[in-house]
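Single-structure report; data block below.
Please treat every number below as a calculation from the coordinates, not as lab data. Note that the structure is a prediction, hence the values are computed from the model and not measured. Glycine gets a Cβ as well: all are built from the backbone with ideal geometry, and neighbour counts include every protein chain shown.
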Amino acid sequence: MPTPPLTFDDYHAAMAKLAEFDGNQTRAAAALNLSRAGFQNRIKRGAAMFDGPTPAVVPAELPQPDLPFEERLEMNIRRNAQRIAHAQAQSWQEVRIPISGPYGICWFGDPHMDDPFCDLALLREHGEIVARTPGLYGANGGDSINNWVGRLEKLHAFQNVTQPEAWEHVDWLMNKLGIRWLLWLLGNHDVWNYGYDIFTRANPQKVLMRDWDAKLQLRSPCGGVCRVWARHDFKGTSIYNELHGLKRAAMMDEQSDIYLGFHQHTWATGQGELAAGHEYTLVRARGYKMVDDYALKKQFVQQKRGQSIVTVIEPRTDGAPEIHLFKNVQRGADFLTHLRHQIGNQSH
């Protein structure tokens with residue numbers, strides 16, 4: 001081990017003990033719990049450092065720069081265990097639906113609210129429908145704003161909405177329209193430029209927010225459960241089928257009642273039954289960016305409907321829920337209202 005640095009106080013204590021024992025180095029060394037050789041070394045080094053014609057400077061001792069490694073190791077063990085437990089608990093997290101009977105979810109496709117070709121009027125209309133319809137919740141599929149980064153930042157020059165204004169739009173959609181949010185996904189655009197932290201701070205309602213992926217069990221008061229797997233997008237694409245990635249997930253997973261994807265700016269819905277008898281519902285919402293120069297040049301489809309999709313869910317205590325699909329938000333809201341009224345009358 002390297003010899004520890006000698007301080008003036010160490011040298012002064014050694015010289016004091018030597019004087020106390022009338023120059024007897026053996027007794028002075030024993031008094032300081034040093035060997036005679038160690039004591040002599042301290043005297044020799046101290047004399048060279050502190051008794052010369054130009055004594056060495058004596059810097060004040062500083063606290064240690066960090067906690068001892070053993071303490072930091074134990075702390076990191078606990079922190080990592082907490083992170084792992086948190087991440088694992090997110091898979092199939094239970095969400096209690098607080099209303100009895102049927103309920104609906106409006107799955108908002110990519111808003112891109114700061115884009116000059118976002119249909120903000122239609123987004124507001126759909127948000128107001130959700131806000132005034134009892135039993136209807138909202139879920140955001142991600143990419144709320146463009147939030148350009150890197151080489152794409154030059155596209156800000158073609159937007160009339162500034163970056164600070166873009167975040168005002170986020171606050172408007174999340175907190176001002178009166179939507180009862182079930183879920184808010186963050187897409188790739190959302191997490192650019194430290195977006196995850198900004199979205200988290202903009203969430204005073206503590207809306208359930210996930211980066212890209214959410215697996216949820218929606219439990220109704222009757223005990224019925226609807227299992228939902230929502231992702232900003234699923235792996236797998238096909239020019240022949242907008243639902244290819246979702247159908248692939250359903251065939252490999254067989255745990256969800258509803259699979260939901262966004263991101264590709266196309267819409268489609270579908271339902272079916274797998275060989276084992278598991279029924280599934282597939283939903284892809286288009287979003288509100290109605291003109292896309294990139295899609296035009298790459299010859300991608302630019303659809304006109306399906307900006308958001310409404311799922312109306314009838315929970316069942318003895319099996320999978322009954323699920324109804326609507327590409328028209330108002331019709332979905334009207335159906336939910338009628339269904340809840342009809343079931344309410346039957347219960348009286």
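Points to keep in mind about this one:
- GluC sites (Glu not before Pro) within the stretch 249-281, DSSP loop, no more than 14 other Cβ atoms inside 10 Å: Glu254
- The chymotrypsin sites (Phe, Trp or Tyr not before Pro) found in the stretch 250-348 include none that occupy coil by DSSP while having at most 11 further C-beta atoms within 10 Å.
- Loop-located chymotrypsin sites (Phe, Trp or Tyr not before Pro) across the stretch 142-230 with a Cβ neighbour count of 16 or fewer within 10 Å are Trp212, with loop assigned by DSSP.
- Cβ-based charge dipole, the chain, positive-most Cα from Pro204, Thr26, Asn140: Asn140
- Less than 5 angstrom separates the built amide H of Asp211 from those of Leu186, all sequence-distant by 5 or more or on a different chain.
- Note on Arg180 and Gln330: the extension gain reaches 52.4 nm, defined as 0.36 nm multiplied by sequence separation minus the Cα-Cα distance.
- Counted charge near Ser256, where neighbours are those whose Cβ lies closer than 9 Å (Asp, Glu -1; Lys, Arg +1): -1
- The Rg/Rh ratio of the stretch 104-194, with Rg taken over Cα atoms and Rh as the Kirkwood radius over Cα pairs, comes to 0.99.
- The count of lysine pairs in the chain that are at least 8 places apart or cross chains, and whose C-alpha atoms lie under 20 Å apart, stands at 15.
- Spin-label pair Leu32/Arg79, simplified geometry with 7 Å Cα→Cβ offset, distance in nm: 4.1
- The modelled label-to-label distance between Gln90 and Phe50, using points 7 Å beyond Cα along the C-beta direction, is 5.8 nm.
- Between 0 and 90 degrees, the angle of helix 120-132 with respect to the longest Cα principal axis of the chain falls at about 90 degrees.
- Note on the stretch 169-305: antiparallel DSSP beta bridges, both residues inside, total approximately 55 percent of the bridges counted.
- Rounded if a/c under 1.5, otherwise prolate or oblate - the stretch 45-172, Cα gyration tensor axes: oblate
- Stretch gain in nm, segment Gln271-Gln342, where the contour uses 0.36 nm per residue and the Cα spacing is subtracted: 23.1 nm
- DSSP finds beta bridges in the chain, and of those with both partners inside it, around 50 percent are antiparallel.
- Per-residue ³J(HN,Hα) for the stretch 314-330, Karplus 6.51 cos²θ - 1.76 cosθ + 1.60, θ = phi - 60°, Hz, x for Gly and Pro: 9, x, 10, 7, 10, x, 5, x, 8, 10, 10, 10, 9, 7, 9, 5, 5
- Summed residue charge, Cβ within 11 Å of Trp184's Cβ, Lys/Arg positive, Asp/Glu negative: 0
- Normalised by the number of residues in the chain, the average gap of Cα pairs under 8 Å and 6 or more apart makes the relative contact order 17 percent.
- Rule-of-thumb Rg ratio for the chain [Cα; 2.2 N^0.38 Å; N residues]: 1.64
- For the options Lys327, Lys247, Lys235, a Gaussian network treatment of the chain with springs between C-alpha atoms closer than 10 Å singles out Lys235 as fluctuating the most.
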